[in-house]
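Single-structure report; data block below.
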Amino acid sequence: MKNIVILISGRGSNMQAVVEAAAAEGWPARIAAVISNRADAAGLEFARAHGIPTAVVASKGYATRDAFDAALQLAIDGFEPDLVVLAGFLRILTAQLVDHYVGRMLNIHPSLLPSFPGLATHRQALAAGVKVHGASVHFVTADLDHGPIVAQSAVPVLADDTEETLALRVLEQEHLIYPRAIAWFVEGRLNLDKGITNLKDMT
């Protein structure tokens, strides 16, 4: 039984998708905790309502990023995670923290990486005039939004799209591919080989 710790900063819709998929599909894993850097994160209420332990490590309470990450790591490790899942966690993590969880920390990013890393991805996609956009699940490395890719899903960019309409279609795909990728990890199907993701075929 693997322990999963999920980090959020807001409503945590991807966290909710993961929690619901784990229950519906009977994963050999438990959501050990949901941790936020904001006490007012709406996703904490969802977690508590589902009997999941929660914790807050308030980023404003620390003078430096290193101090915050050290406290965050201590909180995460208290739940003995096999996998750390970033689900809308709006903090850039230090290399020291990322290295501590190398090969066992996943993130979901709302673009088809390596295109449009960072923030405002839908605005970037519309400004670039791309015809397809999407979401990527990747292992986290010290390079922001550049870790080994696990899964991707694409959506068409329509002529009348706004940032909001495009974001909604991408979010639907996030809610599909993130739980799937996490399930692969839980099942022992994912591994990293020289910085490339390998997915074992269990059929």
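Under Stokes-Einstein, with the Kirkwood radius over Cα pairs standing in for Rh, what whole-number D in µm²/s applies to segment 83-203 at 4 °C and 1.567 mPa s?
Value of D from the Cα-based Kirkwood radius: 87 µm²/s.
Translational diffusion coefficient, Stokes-Einstein: compute it for segment 49-129 using the Kirkwood radius over C-alpha pairs as Rh, at 25 °C and 0.890 mPa s, and state it as an integer in µm² s⁻¹.
166 µm²/s
Using the Kirkwood radius over Cα pairs, work out the Stokes-Einstein diffusion coefficient for the chain at 37 °C and 0.692 mPa s, in µm²/s as a whole number.
In µm²/s, the coefficient is 190.
For segment 1-101, what is the convex hull volume of its Cα atoms per residue in Å³?
Cα-based convex hull of segment 1-101, divided per residue, equals 84 Å³.
If Lys and Arg each add +1 and Asp and Glu each add -1, what is the summed charge of the other residues whose beta carbon sits under 10 Å from the beta carbon of GLU187?
Computed value for this residue: +3.
Throughout, read-outs are computed from the coordinates displayed, never taken from laboratory work. Quantities reported herein were computed from a predicted structural model and do not represent experimental measurements. Here the Cβ is made from the backbone with ideal geometry for all residues, glycine too, and neighbour counts use every protein chain on show.
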